[in-house]
Structure formats: C-alpha cells, structure tokens
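The values are calculated or read from the model by the stated rules, or taken from the named source; none is laboratory data. Predicted, not measured: the structure shown is a model, and the values here were computed from it. With ideal geometry, Cβ positions are generated from the backbone for all residues, glycine too; neighbour counts draw on all protein chains shown. Quick note on the areas: whole protein, heavy atoms, side chains included, nothing else; ligands and nucleic acids left out. Shrake-Rupley method; radii C 1.70, N 1.55, O 1.52, S 1.80 Å.
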Number of protein chains: 6
Amino acid sequence: MSQTPAKAENPATADTPKPDGGVPKQEASGTTAKSARDDDTVITALELADAGMTPAMQAYFDKCTEKLGFIPNVLKAYAFDMPKLEAFVAMYNDLMLAPSGLSKLEREMIAVAVSSQNRCYYCLTAHGAAVRALSDDPVLGELMVMNYRAARLDRRQRAMLDFAVKLTAEPWAVEEVDRQALRVAGFSDRDIWDIAAVAGFFNMSNRIASATDMRPNSAYHGQKRG
Amino acid sequence: MSQTPAKAENPATADTPKPDGGVPKQEASGTTAKSARDDDTVITALELADAGMTPAMQAYFDKCTEKLGFIPNVLKAYAFDMPKLEAFVAMYNDLMLAPSGLSKLEREMIAVAVSSQNRCYYCLTAHGAAVRALSDDPVLGELMVMNYRAARLDRRQRAMLDFAVKLTAEPWAVEEVDRQALRVAGFSDRDIWDIAAVAGFFNMSNRIASATDMRPNSAYHGQKRG
Amino acid sequence: MSQTPAKAENPATADTPKPDGGVPKQEASGTTAKSARDDDTVITALELADAGMTPAMQAYFDKCTEKLGFIPNVLKAYAFDMPKLEAFVAMYNDLMLAPSGLSKLEREMIAVAVSSQNRCYYCLTAHGAAVRALSDDPVLGELMVMNYRAARLDRRQRAMLDFAVKLTAEPWAVEEVDRQALRVAGFSDRDIWDIAAVAGFFNMSNRIASATDMRPNSAYHGQKRG
Amino acid sequence: MSQTPAKAENPATADTPKPDGGVPKQEASGTTAKSARDDDTVITALELADAGMTPAMQAYFDKCTEKLGFIPNVLKAYAFDMPKLEAFVAMYNDLMLAPSGLSKLEREMIAVAVSSQNRCYYCLTAHGAAVRALSDDPVLGELMVMNYRAARLDRRQRAMLDFAVKLTAEPWAVEEVDRQALRVAGFSDRDIWDIAAVAGFFNMSNRIASATDMRPNSAYHGQKRG
Amino acid sequence: MSQTPAKAENPATADTPKPDGGVPKQEASGTTAKSARDDDTVITALELADAGMTPAMQAYFDKCTEKLGFIPNVLKAYAFDMPKLEAFVAMYNDLMLAPSGLSKLEREMIAVAVSSQNRCYYCLTAHGAAVRALSDDPVLGELMVMNYRAARLDRRQRAMLDFAVKLTAEPWAVEEVDRQALRVAGFSDRDIWDIAAVAGFFNMSNRIASATDMRPNSAYHGQKRG
Amino acid sequence: MSQTPAKAENPATADTPKPDGGVPKQEASGTTAKSARDDDTVITALELADAGMTPAMQAYFDKCTEKLGFIPNVLKAYAFDMPKLEAFVAMYNDLMLAPSGLSKLEREMIAVAVSSQNRCYYCLTAHGAAVRALSDDPVLGELMVMNYRAARLDRRQRAMLDFAVKLTAEPWAVEEVDRQALRVAGFSDRDIWDIAAVAGFFNMSNRIASATDMRPNSAYHGQKRG
C-alpha cells in the first residue's frame, strides 16, 4: 500500500503543518460523557479478534496517534484483517485527501450531508468534527448534520450537496439533467466523478457503521465547538 | 395569561436556582460562527412588524434575558402578534415545565427525536442544547439529533422515543398495541398523553420553523459541549 | 384566558348570527350509526380523570352546547387538566377564528388537507363538517378529505394547500421557493405565517388524536350533507 | 357478454329486490354542490367520442338508470369502446356480485380501503356510498375512506383489510406469512384469491380514474348519510 | 366470450403468422433451472380446485399450447373459475392486442416498467420475455426490468413510461400537467386512455400475482436472449 | 497493490481452472442488441481522459481479457486515475474473492439484491450474470434482480439478504436484533461483517454507476441463460 504516513485519517489535522494540529490531544480524557462512556473501548457490536498489524499499518496508526491524539475507531474496527484495513485506508485517503477540484472541506460536507440522509451516528460525529475544523465555522458542521438545506451556501456548494443527497436517497432517478446542473454550477466532469465517489463511499461507510453499531471516538464531540 | 415570570423558555436554565444558570450569558458574543452570522438579527424569512409588547410578555422577555442571556428567537418570531405569542408561551410552558410523569429531560429528548425525524434546524439546535444541559451529558444531545436508536437508553426511554417517532412518521398507524407497549414500559395513561402532546407540539413547531426558515440563537451552538 | 364566549369551537356555527346556527342541534340523536355507537361516551383510549372545570372553561363548554348542541370531543378529552385545556382553546380560537388574511373556510380547508395527509379520523370528521358548513358546498368537504388535488380550486387556494401539504409531508424540504410561490399567488408574509401556523397546529392535533384514538362526536357525520 | 340485466353496477341497490332500490332516484337533482357542478356532464379530462352502444350494453345502461336513477360515470367513461366496456362490466360484476366467501359489503370495504391508500376521488365517493348502503351504517363508509385502522372491526375483517392495504402499498413484500394470517382469521384459499382480486381490481380502477380525472356522479355524495 | 382463437396470450407469438412463432416450443424442457424447478407444476401458493373448462376456454388453451408451446401459468391460475378466467382473458386480449395508437411493444414496455415498480416476479418474467421478442432487442427487456430510465428511449416512449410509472407510484398526484406532457409528446386522448388502462391492468395483475406467489412458466427465462 | 493476476474481476470465471472459463470470449460480438449498441464504447456520461496504465493495472486488464474475453466497463471507467483504479480493484477483490464464511455465490447474491433495491442497471447486469454463472442456475439471477423474496431460499440465505436489503433501504434502523437474527441463522460475527461490507460496497458502486450512467458490457446479457 502506498499512502504516505503524512496522510492521516482526519483531514482536520492531517494537513496541518503544526505538529499538534488544531485539536489538542487528549482533550476529552477524563471528561467523557456518560453516553460515550464505552465508545473508546467497545468499538463495534461484533467480536472480531485483532489481526497482527503489518508494519505499514502500524506506522499509520502511530502517525494517527501522533497527529490526532487517537486512532479513529473505524480504523480499529477494520484491524481484524489487514487486507481490508489497507484497502479501506487506500480508498479513503485517495478520496478525501488526494488532489481534486473539490476542496477537502467540500468533500467533508458531502460526507456529512450523505451521513445525515442515512442517519449514521459514527460518520456524523467524526465528519461533523472535520467540517467544523476545516471550515473554522462550528455552525457549518451542525447545519450539515441537521439539514444542509438550512445552510447559507453558494450556488456551487448547494448544487453539489443536492446531487449527493439525491444520489443517496434515490440513486435510480439520477440522470443527465442532474449532471448538467452540476456543470452549470461550474463543476467539471472530473469533479462530478469526485462528488459521486465521495457520496458513494459514505453510502458504504454509513452502512458498515450502522450494521456493526460502530461508535465514534469520544474526543470528536467536543472538538472545534466555539 | 398566567405563566409566571419564573417560567423561562429554556428549561436548561429556567429551573436552575442559581441566578446565572449553567450557561454563561453572552458566551457566544464576539465569536459567532460565519454560518450563524445573521441568525441573531434576521430571525425568519418573513417580514412581520413587531406588535407592541404587552406588559406580561415584556416581563417574560426580560426574565428570559436575565436568566438565559438572550431571548429565544422563536419568541421574537411570535412577537408580531401578542395573542399568538401568549398562546404559544402558555402551551409551551405547560407542556415542557409543568408537573408530569415525564422528567424535563425526557420531554426535551422527545423534542429532539421528533425534530430529528423532521430535520428541523431551529428545534434541533435549541433543544439539542437543552438535552445537553439537563442531562449534563453532552453526547446525549448529539445522539438525539443524529439517531436516537444509537443511544444506550433504558427500556422506558427507548419505548417513549419509539412511540414519539412513530407518531411523527406515520401517525395513522399508531394503535392500541403502541399504547400498550408504553404501559408495559411503565407509563401511565397520563404519561401517554404527555408523550403524545410533546411529540405533537414539536410536530407543530418544526413546521412553523421550517415554513419560516427560523434561525436559532447563535448562543445555543456552543452551550454545554464538554 | 381571554376568548369571548362568542367564539365557539366549530366555526361553522360560531360566527353565525342566527342563535341556532346552521347545524340543527341534536340532529343525529337517536340515529347514531353502529360504527359510532360509543364515540360520544368513550372519547379516547386513555383513562384520565376529569379535573374540576374552571368557571371560564365551564362557561365555554356551556356556550358550545348552546351553539352546537354538543361539546366537541377534543375539548372533553383535554378536560382532565385545566391549564392544558385553556392553552389548547386559546391557541385554537386564535388560529381559526381571529382576523387573518385567510378566510375561516380557507383555514378549515388547510385543516382537512393536512389531516388527510396524516389520515386522522377525528380531525377529518370534525373539520370536514366545518368545510361543508362554511362553504355551503357539501362536496368540497369530501374533496378535502379524499384528495384536495381533485378539487377545482383557484390558483390561490391551490397554492395554499400545496404549501400546507408539503409542509406536512416533508417539512425539511420547504424553502424560499415555496414561500415565493405563495407570494406570487397573492399571499402576504403574514398570510404565510397563518398558513404555516394552521398547518402546524393540525400536525399537532392529528398526532394527539391518533395517539389517543380520539373519537369524533357522532353528530358531525350527518351535518351539511345535501 | 353474459352478465344479466339484474346485475347493476352499484351493489348497494343492484341486488335489492325492491324495484326502486334503497337509494331514491334523482335525490341530488337540483341541489348539486358547487364543487360537483359539472361532474355529471364532464366525466373525464379526456375527449373520447362515444361509440354506438351495443344492444347488450344499452340494456345494461337502461337497467342502471331504472335501478339507481343514474348511470355510474365510470360506465359512461368506458362507453367510447364497447369491447372495453364489456370487459370492464364483466370483470366488475363477477368480482363484486358473484358468489364468494366474502360478503358484498366486505368486497366494498376492500374497495374503499384500497382507494383510500391510493387517494382516488372517484372510487372513494362511489364505493364509500356503497359501504354506507350495504352496511346501513353511514359512519362505516367514512371510516373506510379516512383510516380503516380507526374502525372497530372484528379480527376477520381487520385481517382482510390489512392484507388488501399491504398488497396495495408494498405488493413486493406480501409473502406466505401474510396468506397464513388470513387463514388463521378464517379465510379459505378461495377467499384469499377473492381478497387479492378485489384489491387488485381497485388498484387498476383507481389508476384509470386518477389518470383521467374521472368525476363521480354527484348523487353519491348525499346517499345514505344518516 | 368473443376473443378469437387467433388471439393468444403472449403477443410475442400471437401475431406471428408462422405457426411455430418465434419461440421454439419446449425449448426449456429438460433444462429447467433449479430455482424454477416446480414453477410449471405448483403455480400458486393457493390450493384451488380446477373447474371444468368451458369449450371456449379449452379451445383457447389449446391454441396457446399450439402457438407458445405452453399455457401461460396466469391462465392456469384463473382456471378454477370460468367466469373469472373469461373476464381476465377478454380484458387482457383487448388491452394488449386490440388496435391502439400504442404498438404492442409499447404496451409490453408499460407492462414491464409498471411491474418493475411493483417488483412482480411473474409479470417481469413473462412480459420481459415479450419485450425481448417484440423488439428483437434482448437488452431492451432487461432495461425495462431493471430501470427504464437507463434505456435510450425517444421522447415519446420516455414520456409514456414516466406517466405509467408515476401513475403506479403515486396515482393521487397525477394531474392535467401530466396528461398535457403526453399530448406534447404526440399522444392523443385515446392513447392516454390506453396508457392508463395498460398501467392500471398491470397494477392489478402484479398484485394478484404477488398475493398468490404466482410462478412464471420456466420457458420464459431463456426466450430471446441473444 | 497486491492482488494477484489470478484474481480477475468477474468471479464467475476468475476462479475457474479452465483457461477459457465458462463464458466463451466474444460471444456477443456481431450480435449486440440495439439497446446496448454503444455500451462497449461509451462507458459513462463523463468525459474523462485515460491516464496511462501502470504496469500492474495493465497486467490486470490483460488478465481480464484473457479470462473473460473483455475488460469489465467499471474498470475502464476508473482508468482515468490509477490510484482510484487500484483502490477499487483492491477492495473489490478482497471483498468478493478473498476467503470468507460467505461463498462467492452468496456474495454475488448480496450484490444483486442490493443493486435491485437501488435499481442499478450496471450492477444488476454484471452481477446478475455472475449469479447465473456461479450457481449454474439461470433463474436464480433473475430472482435476485426482480425480487429476492420470490426465490426459494434456505433460512440462512434469506436472513442474509433480508439484512443486506434492510441495511440498504433503512440503514438507520439496523440494530442488535437484526444482527442477532443473523447469528441465529448460523452466521458468525465475522460473517456479519462480510455481509455488511459487501452490501455497503454495492451501495457505493450502485451510486457511482448511477451518477455516471455507467453501461455494462454487452456480453453480460446473454451469458449463462439456459
């Protein structure tokens, strides 16, 4: 697998040159809310034995700990099987961090709007925090979680989310007119692919998280709130 | 109208004996997020001239300012017509603050679970904050906003929310078997009325807020986050 | 509470100068249909002891009996608790009878179209009768109950009901374009509030009625049929 | 075609030995409601020239006029093409009037419950009247129109309508367990066929009526109201 | 009943002058797939004794065998009652084979698009084969089964299927604007009737098939595949 | 990327020791149906320039051609960007071909049942063919495409598909009771992960295919039909 150690899972900090990122390590330690009490230890409802870590994956986990202060639970959940973990990390990092006509914030906005349609607790929590961090706008994350239609978005971002949410709710009805609306809003065909691919990826992740009752790290909840 | 000044709109602080409540006044001042920039001044999408305040309503607003640090925007939205404001306040305070077999927290949990089904930005924001405050559990509010089914609730509260959300999503299908499930979970017939009445009230408020693009006070977002 | 005795619950008669209204008292007595046999005595599925009536509420009930020949069952259902009854009556009378850019008939049409979307037996029966009475058009009530789209409405009333029903079915999707359609159809911002408020109110009442299996007075069924 | 003249379209009167049926001829004449003003003359939104009537169909129409006082508009709508009219009449009369383990009233109850799910104005009006007439219970027709779940039905009829409405709303999900529920409620396999066939027939008729904006004869509205 | 023997059930062959049609008799014999093992013998989940065949129906069945190599299972399913079988055959043959502004292929395309919306195994199998045969385009049948929106249709056929599928999914919402779209696409009012009638018929047949677990003849699966 | 050349995209042939697989190369050449005329050349609605192939990916494509007779269009669609192609291939091959408690056929059955819920033309075509090939049961593929509930499945496979389809249609409602139903049907926690992961993957792929109007290779349609 080829992702570099510099690509950490949470783009909120992965791309920050400052070694400690914008999110203080450990900030939730000692103050975990009652409702999240076990969320850092009992990560899914499935009992799956950890596989031994490959060196590449161990290095990646170490980098996460260094940058974020914790390893995102979705990665720990996949750690029962190294090929599955590697494939997930490779696809995730390409989609969310590689060069694209969509900014990293826009990709996270799609992630949250899709996860809101699917009411996925894990993804709304983890990626809602990412929207807050990348936008430096704590309310924007809330809007994506609650109802993206209530946000004051420019025409481009609104078209992007309308496409992603329609693709989530009724994929069979997406047609040329929907692609054309994206082009009119300024997106290239490559951008359309990226919107579809990010929306598609979270339609996958939402379902794996819901199927396994995946719990988000408790640290996300308090990040970038004000 | 008979509500006493002591009944402030937001139960998070209204029932707190401490004069300053748990939520510091003004805490969001000067740091309003970009996405909430106008939310404290342009409260709805409708242009409605303020009616003159009646003494009772002025006293109520003054009490809100004293206790909460601000007047909830829903009240300002109603202030174009005193009889409408008075009727709303009377019903709200009775439902959410009067004695009931449901705790104030449970009533707020219903408010948020119903508002999540209806994806109401105003009510999710204002009452999500109330759940965080009343429970002293910042994550519980997130769970009610995102997907109440992911919360670790006891059987009683789960049955309560299942009823409220079914009543929201498909009211025509609620029948004796649903009421009986509440009785088995320990609720009295009076409690069932209260669950229905709170769920019904937010089905009303969600729609008025969505119809008018009502914006929540920016102060709610940061309240009780960690 | 301030509603005057002249404001009876059912606007079909409440605003009629003739003392006996348009609906003959007792008209259904002695001929109650089998399916409505107990509907005038077993009003809900909940056992709730009557609270003692306050003088104001007793006077209101007496006025209902004088004007309508009966007390609407929804009022009896609320009579277990005087503050709840008073708040309901205050809000109902303000919404349905106070001055508005919407006629009383239009408000009742909203009530029935919303109740049809929610398939609420109580509200369809009581307010279907009101539409028949206020319009002097027995078929208009049927159309509102069955499918408002089949009625031959002018552009204004069609826009009004389209907004109310969308607000009922998918409140999260109501946006500026929907408000603008109402303005184009001739409605003021205050009218938009009133449409939203009436639609919201019946989204509440439908749910309380469905949650409690509330039964309509048997007298409604035969009113204003030909 | 073999249906006898004695099989008139509306079973409410078709099978009554009394020559004038239970519904007085002409009862709505001269008092047609505004909303139904043109419903007896402009029957659908389609312009289709009448074909010449075959003798058998003319005799059938004459019998309808004699028994019901009018020709049901659905028959007039089909009269542009005799083979279509004959096929419709043959299937309708077999389904609704031929011997069956389901009473004629039960078949009409299915017709109305299905038409309520599909919100078909024509069929709700015409067959709602039939339920009122056959049951001698004016409220039962209302219940079938508004929400069959609110009716006090015995277990057999409730199971019958649950099956018919599920078959209407999500036919793909009907399976052996649903058939078995009917058998437990006392239905034979032949009865199950008849429930399915009647529910299926109105799923057809509802769509033809909705597609063509078919209007019910105004006489139905006032029939058997109290 | 008056349908001539020349009108066989499956139009794929019924209108072919060649005595053996385009579909070789017996082609699936001896190679029935495991999943269709009993589908030619256990036709529905209901036990219904065969009625004696009338001469007309026996002649019709003989003609089916001669032309198709088998009797379509839907006909065998109706054979427990001759009047029901006759009414079904008369309506089916009129709708699908009589002169119309819609080609036989177009009527079959409606049949399959409607059956896809309703996910009806019997009708998708039997009429998917008919689309393949009538169009001499094996992929067109697949497209109708899977998602008609993915087919490269001309404006006329797309409008036709959009109407038929909307009429299936939300009949209550079909209005003049939908009929007008058909007229703009070149359809006459009589054509609109035929689109509605075919869509309606399969909304009936889909439900009878789903209600009874009707199994398609195994021969359909392999017909006209390449 | 580590997938070995022996892992071809289509498991129907990838795991067959015979070099020519069960599906003759080129079988559709010269006979492409009208509806699929351009499907082998215009693969999506997006114009995306091919990136140069990496040696590993070129070798993989060559292996597909050798084994299948063609390169699956989804792979060509991804070929505008090598990291995206590699990540997709790695995840696909791990999920569908790596050791699992689910057979390869069962994984393909999930793929098709999920794609049917989402009405994805590309995936239904490609993976419907895979089900036909792996099961040697041409009808089983049709059943998965049309309505998996109509298939005669054993309890294990039915539970598997019920979970996958619920996870697709309403992921927010999947809870411990659903996982427990899988355990009762004999699945391990690792199997549950695999069911969720395959269902999730096709919820992603369905959306990318629908968003881009991805066309299946024409060769799939005729494969393994009888």
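What is the minimum Cβ-to-axis distance for chain B, in whole Å, where the axis maps B onto A, and to which residue does it belong?
Reported as residue, whole Å: B:225, 2.
Rg and Dmax in Å for the protein assembly as shown, alpha carbons only: what are they?
32.2, 95
What accessible area, summed over both chains, is buried at the D-C interface (1.4 Å probe, Å², nearest 100)?
2800 Å²
Rounded, prolate or oblate, given the Cα gyration tensor of the stretch A:65-105, with a/c below 1.5 counting as rounded?
Because a/c hits 1.5 or more and a/b fails to exceed b/c, the stretch A:65-105 counts as oblate.
At 222 nm, what helix-only mean residue ellipticity would the protein assembly as shown give, in deg cm²/dmol to the nearest 500, using -39500 (n - 2.57) for each DSSP H run of four or more? Don't skip to the end; give the middle numbers.
On the way: 66 runs with 781 residues, N = 1356.
My calculation for the protein assembly as shown gives -18000 deg cm²/dmol from helical runs alone.
Which of the listed residues, D:147, D:212, D:185, is farthest toward the dipole's positive end in the stretch D:133-226, when Lys, Arg count +1 and Asp, Glu count -1 at the beta-carbon?
In the stretch D:133-226, that residue is D:147.
Over chain D, with a Gaussian network built from C-alpha contacts below 10 Å, which listed residue (D:107, D:156, D:215) shows the highest mean-square fluctuation?
Among D:107, D:156, D:215, the largest GNM mean-square fluctuation belongs to D:156.
Indicate the gyration tensor shape class of chain C (rounded, prolate or oblate), computed on the Cα atoms with a ≥ b ≥ c the square roots of the eigenvalues: a/c under 1.5 is rounded; otherwise a/b larger than b/c is prolate and the rest oblate.
Prolate, since a/c reaches 1.5 and a/b exceeds b/c.
Cut-off 10 angstrom, C-alpha nodes, Gaussian network model of chain B. Which of B:155, B:207, B:132 fluctuates the most?
B:155
Residues of the stretch C:173-214 with accessible area at least 40 Å² lower in the all-protein-chain context than alone (1.4 Å probe)?
Those are C:175, C:179, C:189, C:190, C:193, C:204, C:207, C:208, C:210, C:211, C:213, which lose 40 Å² or more relative to the chain on its own.
Under the definition of Cα pairs under 8 Å and six or more residues apart, what whole-number percent is the relative contact order of chain C?
For chain C, the relative contact order is 29 percent.
Have a look at E:69, E:200, E:186 and tell me which one the Gaussian network model of chain E (Cα, springs below 10 Å) gives the largest fluctuation.
Maximum among the listed residues: E:186.
Over the stretch A:41-80, what per residue volume does the convex hull of the Cα atoms give, in whole Å³?
Per residue, the Cα convex hull of the stretch A:41-80 comes to 60 Å³.
Output the pairs from D:67/E:63; D:34/D:224; C:224/E:166 with a Cα-Cα distance over 32 Å in this structure; if there are none, say none.
Correct reply: D:67/E:63; C:224/E:166.
Just the number, please: carbon plus sulfur as a percent of the accessible area of chain C, 1.4 Å probe, no ligands or DNA/RNA counted.
Here it works out to 52 percent.
Between the label point of residue E:188 and that of the same position in each other copy, find the distances and list them shortest first in nm, with every label point placed 7 Å from Cα along the Cα-to-C-beta direction.
4.7, 5.3, 5.3, 6.9, 7.3
Could you give, in nm with one decimal, how far residue C:58 is from each other copy of that position, shortest first, with labels 7 Å out from Cα toward Cβ?
3.6, 7.4, 8.5, 8.5, 9.8
How large is log10 of I(q)/I(0) for the stretch D:118-179 at q = 0.13, 0.18 Å⁻¹ when the intensity is taken from the Debye formula with one equal scatterer per alpha-carbon?
Log-scaled intensity ratios, in q order: -0.39, -0.71.
With every protein chain in place, what's the accessible area of residue C:145 (1.4 Å probe, Å², nearest 10)?
Using a 1.4 Å probe on the heavy atoms, I get roughly 10 Å².
Give the shape of the stretch F:85-125 as rounded, prolate or oblate, defined through the alpha-carbon gyration tensor: a ≥ b ≥ c are the square roots of its eigenvalues, a/c under 1.5 means rounded, and otherwise the shape is prolate if a/b is larger than b/c and oblate if not.
Cα axes put the stretch F:85-125 in the oblate bin.
Report Rg/Rh for the stretch E:56-136, rounded to two decimals, where Rg is the Cα radius of gyration and Rh the Kirkwood radius.
On the way: Rg = 13.2 Å, Rh = 13.6 Å.
When Rh is taken as the Kirkwood radius, the ratio is 0.97.
Quick test of your reading: applying the under-4.7 Å Cβ rule, which cysteines of chain A are isolated?
So, A:64.
Quick one: accessible area per residue over the stretch A:139-215, 1.4 Å probe, rounded to a whole number of Å²?
27 Å²
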